[in-house]
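One structure is given below, encoded as structure tokens.
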Amino acid sequence: MVKLAGNCSDSSPVKITVTSSGGSRSMGLTSPMPRHSVSNNPNSPLSAGENRRASSGGGAAGSRYLSLSKDSTDEFVAYTVHIPQTPDNRILSDSVTSSRLSSGKSRKINGHNPSEVFIKDAIFTGGFNSATKAHVRKSSDSGDPPLAAAAKSKHICGMEGCDEKITGNYKNRCECGLVICSDCYLDCVGNCDGHCPGCKEPYKEYNHGETDDEAPPSEEKDQANPLPSWSREAKLEKNFSLVQSFKNTNHDFDHNRWLFETKGTYGYGNALWPKEGGGAERYENPPDFSDRRNRPLTRKIGISAAIISPYRLLMIIRLGVLGCFLAWRIMHPNREAVWLWMMSIVCEIWFAFSWILDQLPKLCPVKRVTNLSVLKERFESSEPNLRNPKKLSDLPGIDVFVSTADAEKEPPLVTANTILSILAVDYPVEKVACYLSDDGGSLVTFEALAEAASFARTWVPFCRKHNIEPRNPEAYFAQKRDPLKNKVKLDFVRDRRRVKREYDEFKVRINALPESIRRRSDAYNAQTELRAKKKQLELGGNPSEPIKVPKATWMADGSHWHGAWASAEDGHSRSDHEGIIQIMLVPATPEPLFGNEADNENLIDTTDVDIRLPMLVYLSREKRRAFDHNKKAGAMNALVRASAIMSNGAFILNLDCDHYIYNSLALREGMCFMLDRGGDKICFVQFPQRFEGIDTNDRYANHNTVFFDVSMRAFDGLQGPMYVGTGCIFRRIALYGFSPPRATEHHGWFGRNKIRKLLRRSKDQKTEQQDDDELLVPINGNQYEDDDLARASLAKQFGNSTSLIDSIAVAEFGGRLLHELRGKGCLGRPAGSLAVQREPLDAAALAEAVSVVTCFYEDKTEWGKRVGWIYGSVTEDVVTGYRMHNRGWRSVYCVTKRDAFRGTAPINLTDRLNQVLRWATGSVEIFFSRNNALFASPRMKFLQRVAYFNVGIYPFTSIFLLVYCVLPALSLFSGKFIVQTLDVTFLVFLLAITVTLCLLAVLEIKWSGITLHDWWRNEQFWLIGGTSAHPAAVIQGLLKVIAGIDISFTLTSKSSAPDDGEDEFAELYEFRWTTLMVPPITIIMFNVIAIGVAASRTVYSPFPQWSKLLGGVFFSFWVLSHLYPFAKGLMGRKGKIPTIVYLWSGLICIVISLLTVYVYPPSGSQGSIRFLQIP
């Protein structure tokens, strides 16, 4: 029952009767953290409740929540109700008045929610054997500019244009609280059919026949009727369409939920949609959505038949030629050199097998395009409508993860630029949350992020105002093209000049952070030591006795940094520190906030620019020496858990700290695939990796275009591309290990027999009947709410955080398709159900977030085994993607016209070899694990299995490649060849194999868009890596599998932008010795010496065999031409070969010469070792 109090001295204009309900759990749309409150009245429903499962964060046990009742004992509690803005009831302030528990009166702190100010200016820490604490920062920014709050007095008529004072005893005639005078009330009764001008509801005194109870909405008809109450009987997917808004600080009551569950709903017959005969309004009927149901967001474009048909035909021809060639080679052995013939045959058979594995997945390459205009029309209405009266965005939320681990190898300026490009992305501001994971716990990274958040207030509005691309300031200001191109605003030059000057100062501050932190810490440590000595003297201690004072790292506000210190003290080192969470930028309000004109505080005019910024969070998970932290995979899983409690975006984008958003529309491009028809089966959208700062010749194939533009496009035609570690948008529930809503199993030969299955947990399905390897999404969203056994199962898999478990259903609902796009038997969501306001964060939510990033949270859970990023491999990205495909999910490859993301790649030879070594070692680990594609489930397509199997087996090709690169030299030394005679048949086969390979390369270039130069560089580095990094990876992988020796890798250094006057490619010419260079150097020297020996022997021989010489020299030149970039890298700048290369070359030459003389002694030596005498 709702009672209105017109003349109330209390601050709340509304009195609400509340009673105890059936114990339903309150859950927000974006943040599932229950908001608990305490009441001093033991009989109050605020204090009554059952003790549910406690959260790991040490938060309060779940109290019972309130629901409205009409026939219970009355108890009056004062609340402040926020009435949503209507055309006739315009609210001038976006801030929300919070009711204080102690006094019941509202208050503000500089126009901000007190809880919001608290969480923004406090660092939350916690961890193993330590309580979660909130450390208030003494010096912090003021945050968003205060908003002016203005409203008419309750003693003045609220009708627009009427300022009459209300005299006498006023009676509030409508539940919405709109105060109008008697004359205006009579006009409304006489001219508006008795409807309130504020909420458009009929006055109860005027219309007694209308009832408050209405039927719950039907999911099939998708009508915007008043929503059902929040009870156990109501389906969760319907409850999620409730509007969530800012709550009061004591979290007793959700005002908008009450408003929407009573007569204050927007919908047909209410504020914007009048009922039939309700007067002439702007909109007479609900909009017709049928005209856009069949407009797809994406299109799949096949390769032209004129290209793909010859391509497939050539594959068949080359396969036949290879078969005939190998058969001929086996039937025609070389009797004079059986050992040489045998080695060559084995290697050639393996190469043919490897080529088949690589070529089969390329049978069905595809291209895809998106339609962003349809996405905007469908999810961002330009006019208010039935489902979206406030014109809010209906797009799902996206959480962006950026990971960094070492502030020295990954410069903070690079990370800050990546963060700025994310904050300026073209996506609804309130739907984006950016998280930076600092696995090193560095104060430099923390303060660099704070500087980036401050500079973003200038940079982001500048990008939006002038449509700047790219939105990475370093990349934008370093462009060599004309900055005035396509710019039409007159103040662009002035704004650009001011922002450029501000960015230069920003760079100086970032680059000076390490030194400034060191000097600050030294000063504070000196003061601490002086105070300690003074205290020692006061206590009568010996002044000569040394005092041990920890050398702490100090923050700018004069407090200890909670992460890693430069002195690496116990509890403050990179591998031993507390968990830290700091909100740099609070979540944005859902409605645009425009700036001011340019003045001393505002560099540019932003009167017509939305100045809101996305949510920005710094996170450093807890680390202790006794725990295995699983490197990057563990850090990403910590981000998944914390973000589920703080923002809970239905989708996740992960980026490396050096990969920034180059195309501001990249997130929208990815959402086109996720939200289109059939998109609920897509687990992730992978974007190609593009790199900057690479030499024009691309000496070491750093662009890797053959993989990203040929192989990945081909995989997209199967079950989807594999996950490559960055630039990927995930569906959150797919990361949680759930199966897709429906899948296809492939049985029989090559998977020709297909069985389609609907993978939804039915309402009456029991948990014990569920397969251990199957994690199904419930078909009714509140299935886990009522089933304690199911919740216990989820707690075993996800941990004991009830907030995290509650967030799963919320994330699943946010990722659903619209009703008209859903598949048969699958769930959908109503249009406009996500056009809501994000629930604000409070201290309880942050404390819970700290608890889930502790080092012990994952113990006895499925994190890293089935849930989240998978552990156990240095290439956790490939394994994580494989597990999703193995459950029946599919992925999509999104190649945009303008590159979506750009990053940096190591251009130094040593760094490049170490990078390839890490990838190859991960592949060997995959081959010897349960993630081998040979053990894939029937839900993975046959050709997708072949692609994943090739990922695990390709490093073993290096063994045969090493042997084959040495065979030409052995042939030249021995005077024998792999065939007995160079007859016509052998030459024809060799020519056919070479020509078909070249034609296939030409057609691949044609349909993929790469260049011949890219293809040739890829072939060269395939041999360089196959003779250096890949053999080492095989050895390391075998040692790990057989002997259990763990593998450790150093972090790849990220290059920062060069200063003026510096060589952009200076690292390309730096020589750094590594043992990986020994095999290629040996092969080069072996072949060069062999050519010299064979040429001299043939020239001075009385019976020269030129055919064998030409055959051996041809294959030796084939090897040397592939190793040319490697040899050029050894020479350094301007041909200055390092001394160590001379030493190794000389040693190898001596060993090869002695072995040659021993094995092939000169004639007349009787097999003894003698000096080689040339006749």
(request) Name the single residue, out of those in region 893-923 being open to solvent by 10 Å² or more (accessible area, probe 1.4 Å) and part of a strand (DSSP E or B), that is nearest to Val400 (Cα to Cα). (result) Arg902
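Residue-by-condition table, conditions (1) exposed (fewer than 14 other Cβ atoms within 10 Å of the Cβ); (2) in contact with a strand residue (DSSP E or B) (Cβ under 6 Å, 6 or more places away or on another chain); (3) within 30 Å of Leu909 (Cβ to Cβ); (4) not polar (S, T, N, Q):
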site	(1), (2), (3), (4)
Pro1102	yes, no, no, yes
Gln1105	no, no, no, no
Lys1108	no, no, no, yes
Gly1112	no, no, yes, yes
Phe1115	no, no, yes, yes
Ser1121	yes, no, yes, no
Phe1126	no, no, yes, yes
Leu1130	no, no, yes, yes
(request) Would you be able to tell me the number of residues in region 787-841 that are open to solvent by less than 10 Å² (accessible area, probe 1.4 Å), hydroxyl-bearing (Ser, Thr, Tyr) and outside any loop (DSSP other than H, G, I, E, B)? (result) 2
(request) Could you check, for region 954-972, whether at least one of its residues is free of Cβ contacts under 8 Å to residues at least 60 places away in the same chain and either touching a helix residue (DSSP H, G or I) at 6+ places or on another chain (Cβ under 6 Å) or crowded, with 17+ Cβ neighbours inside 10 Å (or both)? (result) no
(request) May I ask you to list the residues in region 582-612 that are in contact (Cβ under 8 Å) with a residue 60 or more places away in the chain and not in a loop (DSSP other than H, G, I, E, B)? (result) Gln582, Ile583, Met584, Leu585, Asp610
(request) Take region 991-1031 and flag every residue that is closer than 26 Å to Asn914 by Cβ, surrounded by fewer than 21 Cβ atoms within 10 Å (Cβ to Cβ) and among the hydrophobic types (A, V, I, L, M, F, W, C). (result) Ile1010, Trp1015, Trp1016, Trp1022
(message) Looking only at region 853-892, count every residue that is part of a loop (DSSP other than H, G, I, E, B) and within 30 Å of Lys367 (Cα to Cα) and tell me the total.
(response) 7
(request) Could you look through region 517-563, keep only residues that are in contact with a Leu (Cβ under 8 Å, 6 or more places away or on another chain) and part of a loop (DSSP other than H, G, I, E, B), and pick out the one that is most open to solvent (accessible area, probe 1.4 Å)? (result) Pro543
(request) Pick out, from region 642-705, the strands (runs of 3 or more DSSP E) lying fully within it that include 2 or more residues that are in contact (Cβ under 8 Å) with a residue 12 or more places away in the chain and open to solvent by 10 Å² or more (accessible area, probe 1.4 Å). (result) 690-692
(message) For region 445-484, which positions are within 29 Å of Ala564 (Cβ to Cβ) and in a loop (DSSP other than H, G, I, E, B)?
(response) Asn472
(request) Look at Phe401 and say whether it is buried (at least 20 other Cβ atoms within 10 Å of the Cβ) and either more than 45 Å from the chain's Cα centre (by Cα) or closer than 30 Å to Ser442 by Cα (or both). (result) yes
(request) Output yes when any residue across region 604-627 is surrounded by fewer than 20 Cβ atoms within 10 Å (Cβ to Cβ) and of a type in the set (S, T, N, Q), and no when none is. (result) yes
(message) Against the definition (of a type in the set (Val, Ile, Thr) and within 22 Å of the chain's Cα centre (by Cα)), how does Thr861 come out, yes or no?
(response) no
(request) Run Asp557 past the list (1) closer than 30 Å to Ser421 by Cβ; (2) touching a helix residue (DSSP H, G or I) at 6+ places or on another chain (Cβ under 8 Å) and report the number of the one that doesn't hold. (result) (2)
(message) Take Phe935 and tell me if it is free of Cβ contacts under 8 Å to residues at least 24 places away in the same chain and surrounded by fewer than 19 Cβ atoms within 10 Å (Cβ to Cβ).
(response) yes
(request) Hey, can you tell me all the residues within region 1065-1120 that are assigned to a helix (DSSP H, G or I), among the polar types (S, T, N, Q) and more than 19 Å from His1030 (Cα to Cα)? (result) Asn1087, Ser1096, Thr1098, Ser1107, Ser1116
(message) I need a count of the residues in region 680-723 that are at pLDDT 95 or above and of a type in the set (S, T, N, Q).
(response) 1
(request) Test Val988 against the stated conditions and say whether it is free of Cβ contacts under 8 Å to residues at least 24 places away in the same chain, open to solvent by 10 Å² or more (accessible area, probe 1.4 Å) and not small (Gly, Ala, Ser). (result) yes
(message) For region 798-815, give me the residue count where each residue is in contact with a Lys or Arg (Cβ under 7 Å, 6 or more places away or on another chain) and either under 13 Å from Ile733 (Cβ atoms) or among the aliphatic types (A, V, I, L, M) (or both).
(response) 5
(request) For region 718-734, state whether one or more residues are assigned to a helix (DSSP H, G or I), of a type in the set (Ser, Thr, Tyr) and open to solvent by less than 10 Å² (accessible area, probe 1.4 Å). (result) no
(message) Need pairs with beta-carbon distance below 6 Å; first residue within 14 Å of Thr981 (Cα to Cα) and within region 1095-1108, second open to solvent by 40 Å² or more (accessible area, probe 1.4 Å) and assigned to a loop (DSSP other than H, G, I, E, B); sequence gap 6+ or separate chains.
(response) Ser1107/Leu982
(request) Report whether or not Val867 is touching a Lys or Arg at 6+ places or on another chain (Cβ under 6 Å), under 28 Å from Asn800 (Cβ atoms) and either modelled with pLDDT under 90 or open to solvent by less than 10 Å² (accessible area, probe 1.4 Å) (or both). (result) no
(message) Looking for something at pLDDT below 90 and on the phi > 0 side of the Ramachandran plot - is there at least one such residue anywhere in region 809-824?
(response) no
(message) Quick check on my filter: what residues within region 299-325 are farther than 18 Å from Val1002 by Cβ and open to solvent by less than 30 Å² (accessible area, probe 1.4 Å)?
(response) Leu322, Phe325
(request) State all residues of region 505-523 that are polar (S, T, N, Q) and in contact (Cβ under 8 Å) with a residue 60 or more places away in the chain; if no residue qualifies, say none. (result) Asn511
(request) Would you check if there is a residue in region 372-381 being surrounded by fewer than 19 Cβ atoms within 10 Å (Cβ to Cβ), of a type in the set (Lys, Arg) and at negative phi? (result) yes
(request) Please give the number of the condition Ile349 fails out of (1) open to solvent by 30 Å² or more (accessible area, probe 1.4 Å); (2) in contact (Cβ under 8 Å) with a residue 24 or more places away in the chain; (3) more than 26 Å from Gly1009 (Cα to Cα). (result) (2)
(request) Filter region 445-500 for residues that are of a type in the set (Ser, Thr, Tyr) and crowded, with 19+ Cβ neighbours inside 10 Å and give the result. (result) Thr445, Thr458, Tyr476
(message) Leu653 - would you say it is aliphatic (A, V, I, L, M) and either modelled with pLDDT under 90 or more than 30 Å from His562 (Cβ to Cβ) (or both)?
(response) no
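The values are calculated or read from the model by the stated rules, or taken from the named source; none is laboratory data. What you are looking at is a predicted structure, and each value in this text was computed from that prediction instead of being measured. Here Cβ is always computed from backbone atoms with ideal geometry, including for glycine, and neighbour counts include all displayed protein chains. SASA here: full protein model, heavy atoms, side chains in, ligands and nucleic acids out. Shrake-Rupley method; radii C 1.70, N 1.55, O 1.52, S 1.80 Å.
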